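The values are calculated or read from the model by the stated rules, or taken from the named source; none is laboratory data. Bear in mind that the values here come from a model prediction, so they are computed numbers and not experimental data. Backbone-built Cβ (ideal geometry, glycine too); neighbour counts: all protein chains shown. These area figures cover heavy atoms from the full protein model, side chains too; ligands, DNA and RNA do not enter into them. Shrake-Rupley method; radii C 1.70, N 1.55, O 1.52, S 1.80 Å.
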Amino acid sequence: MAEERRFDVAVVGGGIAGLVAANRAAQLGLRAAVLEQGSEERYLCNSRYTGGSFHICLRNILSDEDTLRQAILEATRGFVSDALAGVVAREGRRVVRWLQDEGARFMRVSGAEHHNFVLAPPGRSRPGLDWEGRAGDVLLRTLEANLVKRGGAVVRNARGRSLIIEERECRGVVVQQGEHEISYRTRAVVIADGGFQGNAALVKQYICEHPERLKQRSAGTGRGDGLQMAIAAGARTVGLDRFYGHVLSRDAMTNDRLWPYPYLDSLATAGIVVGATGERFVDEGRGGVYIANAIAKLEDPFSAVVIFDHAIWEGPGRGGLIPVNPHLPAVGGTMSGADDLVALARQLGMEPGRLVDTVRRYNEAIASGTLATLEPARRTSRHAALPIAAAPFYAAPVCAGITATMGGIAINEHAQALREDGSAIAGLYVAGGATGGLEGGPEIGYVGGLVKCGVTGLAAAEHIAQSCGSAAVRG
């Protein structure tokens, strides 16, 4: 007979969303278990790697609710429902205050709005991966310790396999622990195991034909187990074809000093991004996340190249906390340079006339104010279009770096999983990167992964407590 354990709440996934949900549930009198697939003391996940910036659409998370709600609706062109946008806008500030009460420390790391609340200590301003003893790592250890003090548990080496559905309600989850399957019988389950960016088969099914040509700008542990369990239980999904990521040097595929930083968004949004033929294929003005998604969907995602000039290299190239200039060449990123575009095209193996014509039409459109007539059009509302005119001219081969999938399981404002008909699956909740409908859509609007974790984690725990008749929910 399979082993059975009983808790009030089982949370699948030990990232920030899962630990927020479990701790809040414990605060409200529920016994919670976090079921984490990793076996290490400091198991890897995207939350462990995070730089720790809490923002909403790159706005100050303490901005007024209506401003933030409008920012979400505008960034996603209405893909996020008004109800969900309202919850994120209203509860974001509460997430920060709640985390501070849990022992988290924040600091301001730059003059940018989205850097007003960054987990301390922040990562160092240098290329490569830097997480130990910083930002997300510190927060996860703090939240785990708090949960244990509250009588909860973090169970490692526990990978979710199936939900226990009885009479149309979720009453637990079956996990694989080593060679054994164990049933966790509960009053509610929270799926909080992140996206599916680490599952090549799912990435190929939903995002692009060549997942092997995307750089995992993540821990690679988001396998989509929760997503697949929820689908099997009748949950609806939304927006699975979009991801959050950045434009990386193609050398990041083999050089670990080139990810997660520096990324090349500043060059791509100021200059142009071309394919193998030397022609543009994306509106660079929509930002690095949008460009990364466009690169991923190319017939050959390794064919993309960023074209820019000396003025862009010395201007936007020096922006940001970990600027691409000088870090890209310093840590081994490929850059080609030439005094004219013909020579540059030949270095790239492109037909020179095509690249020269692309740059000419682009520069003329900037000068005449007709960027909207280009194919594809180039917007300037978010990122200025700069001419490519000051020699030397440069090219950097790039790839799409995928950090986290944006789509997932459809939820309501209480973080309950929804069926195709819009009804909630009783006892089943979703938090963090496993959710769908909170960002993405046709505009690939980025709202903010960490605020999404916090808001949905609190919402799930509080609705579970309310449903169970536990302590006062907003106490």
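So, in segment 27-52, how many residues would count as being farther than 20 Å from VAL175 by Cβ, touching a strand residue (DSSP E or B) at 6+ places or on another chain (Cβ under 8 Å) and not in a loop (DSSP other than H, G, I, E, B)?
Looking only at that region, the number is 1.
For segment 176-183, indicate whether the set of residues that are buried (at least 24 other Cβ atoms within 10 Å of the Cβ) and either out of contact with any His (no Cβ under 6 Å at 6 or more places or on another chain) or not in a loop (DSSP other than H, G, I, E, B) (or both) is non-empty.
For segment 176-183, residues buried (at least 24 other Cβ atoms within 10 Å of the Cβ) and either out of contact with any His (no Cβ under 6 Å at 6 or more places or on another chain) or not in a loop (DSSP other than H, G, I, E, B) (or both): absent.
Which condition does VAL398 not pass, out of (1) of a type outside the set (D, E, K, R); (2) part of a strand (DSSP E or B); (3) surrounded by fewer than 22 Cβ atoms within 10 Å (Cβ to Cβ), if it passes all the others?
(3)
Scan segment 404-462 for residues that are open to solvent by less than 30 Å² (accessible area, probe 1.4 Å), in contact (Cβ under 8 Å) with a residue 40 or more places away in the chain and of a type in the set (Ser, Thr, Tyr) and jot them down.
Within segment 404-462, THR405, TYR429, THR456 qualify.
Across segment 194-225, what is the number of residues that are touching a strand residue (DSSP E or B) at 6+ places or on another chain (Cβ under 7 Å) and of a type in the set (A, V, I, L, M)?
Selection size over segment 194-225: 2.
Within segment 256-275, is even one residue surrounded by fewer than 22 Cβ atoms within 10 Å (Cβ to Cβ) and closer than 17 Å to ARG378 by Cβ? Please lay out each step first, then the result.
So in segment 256-275, the residues surrounded by fewer than 22 Cβ atoms within 10 Å (Cβ to Cβ) come out as 256-257, 275.
Next, from what is left, pick out any that are closer than 17 Å to ARG378 by Cβ: 275.
Within segment 256-275 (the criterion being surrounded by fewer than 22 Cβ atoms within 10 Å (Cβ to Cβ) and closer than 17 Å to ARG378 by Cβ), the answer is yes, since at least one residue qualifies.
Please find, within segment 107-122, the residue that is nearest to ARG97 (Cα to Cα) out of those that are out of contact with any helix residue (DSSP H, G or I) (no Cβ under 8 Å at 6 or more places or on another chain) and open to solvent by less than 40 Å² (accessible area, probe 1.4 Å).
For segment 107-122, the residue satisfying everything is ASN116.
Given GLY320, GLY349, which one is more than 27 Å from ARG382 (Cβ to Cβ), open to solvent by 40 Å² or more (accessible area, probe 1.4 Å) and out of contact with any strand residue (DSSP E or B) (no Cβ under 8 Å at 6 or more places or on another chain)?
GLY349
Report the residue count in segment 91-143 for those that are over 23 Å from GLY457 (Cβ atoms) and among the basic types (Lys, Arg).
Adding up the residues that qualify gives 3.
So if I check each of LEU62, LEU147, LEU99, which one is part of a loop (DSSP other than H, G, I, E, B), touching a residue at least 24 places away in the same chain (Cβ under 8 Å) and open to solvent by less than 60 Å² (accessible area, probe 1.4 Å)? Can you show your working first?
Numbers: LEU147 fails: part of a loop (DSSP other than H, G, I, E, B); LEU99 fails: part of a loop (DSSP other than H, G, I, E, B).
Step by step, each of LEU62, LEU147, LEU99 is checked, and only LEU62 is part of a loop (DSSP other than H, G, I, E, B), touching a residue at least 24 places away in the same chain (Cβ under 8 Å) and open to solvent by less than 60 Å² (accessible area, probe 1.4 Å).
Cβ-Cβ distance below 9 Å, separation of 6 or more or different chains: which pairs start in segment 181-196 with a residue that is within 11 Å of GLU3 (Cα to Cα) and end on one that is open to solvent by 10 Å² or more (accessible area, probe 1.4 Å) and of a type in the set (Gly, Ala, Ser)?
Going by the 9 Å Cβ cut-off, the qualifying pairs are GLU181/ALA2; ILE182/ALA2; SER183/ALA2.
Identify all residues within segment 156-183 that are within 18 Å of SER39 (Cα to Cα) and within 29 Å of the chain's Cα centre (by Cα); write none if there are none.
Matches in segment 156-183: ARG156, ASN157, ALA158, ARG159, GLY160, ARG161, VAL174, VAL175, GLN176, GLN177.
Among the listed residues PHE79, PHE54, identify the single one that is open to solvent by 20 Å² or more (accessible area, probe 1.4 Å), of a type in the set (Phe, Trp, Tyr) and under 26 Å from ARG242 (Cα atoms).
Working: PHE54 fails: open to solvent by 20 Å² or more (accessible area, probe 1.4 Å).
Exactly one residue qualifies, and that residue is PHE79.
Scanning for something within 18 Å of the chain's Cα centre (by Cα), open to solvent by 30 Å² or more (accessible area, probe 1.4 Å) and over 26 Å from PRO122 (Cβ atoms), does segment 18-33 turn up at least one residue?
no
What do you reckon, is GLU91 of a type in the set (Asp, Glu), part of a strand (DSSP E or B), on the phi < 0 side of the Ramachandran plot and open to solvent by 20 Å² or more (accessible area, probe 1.4 Å)?
In short, no.
Being polar (S, T, N, Q) and in a helix (DSSP H, G or I) is the filter here, so list the residues in segment 340-387 that pass it.
GLN347, THR358, ASN363, SER368, THR373
Being in a loop (DSSP other than H, G, I, E, B) and farther than 13 Å from GLY433 by Cβ is the filter here, so list the residues in segment 200-219 that pass it.
Within segment 200-219, ILE207, CYS208, GLU209, HIS210, LEU214, ARG217 meet the criteria.
Among (1) open to solvent by 60 Å² or more (accessible area, probe 1.4 Å); (2) in a helix (DSSP H, G or I), there is one condition ARG161 misses while meeting the rest; what is its number?
Unmet for ARG161, out of (1) open to solvent by 60 Å² or more (accessible area, probe 1.4 Å); (2) in a helix (DSSP H, G or I): (2).
Which of the numbered conditions does ALA232 fail, given that it passes all the others? Conditions: (1) under 30 Å from VAL356 (Cβ atoms); (2) touching a residue at least 40 places away in the same chain (Cβ under 8 Å); (3) surrounded by fewer than 24 Cβ atoms within 10 Å (Cβ to Cβ); (4) not aromatic (Phe, Trp, Tyr).
So the condition that ALA232 fails would be (1).
Out of everything in segment 123-137 that is surrounded by 18 or more Cβ atoms within 10 Å (Cβ to Cβ) and either touching a Leu at 6+ places or on another chain (Cβ under 7 Å) or of a type in the set (Ser, Thr, Tyr) (or both), what residue ends up being nearest to VAL20 (Cα to Cα)?
So, considering only residues that are surrounded by 18 or more Cβ atoms within 10 Å (Cβ to Cβ) and either touching a Leu at 6+ places or on another chain (Cβ under 7 Å) or of a type in the set (Ser, Thr, Tyr) (or both), the one nearest to VAL20 (Cα to Cα) is GLY136.
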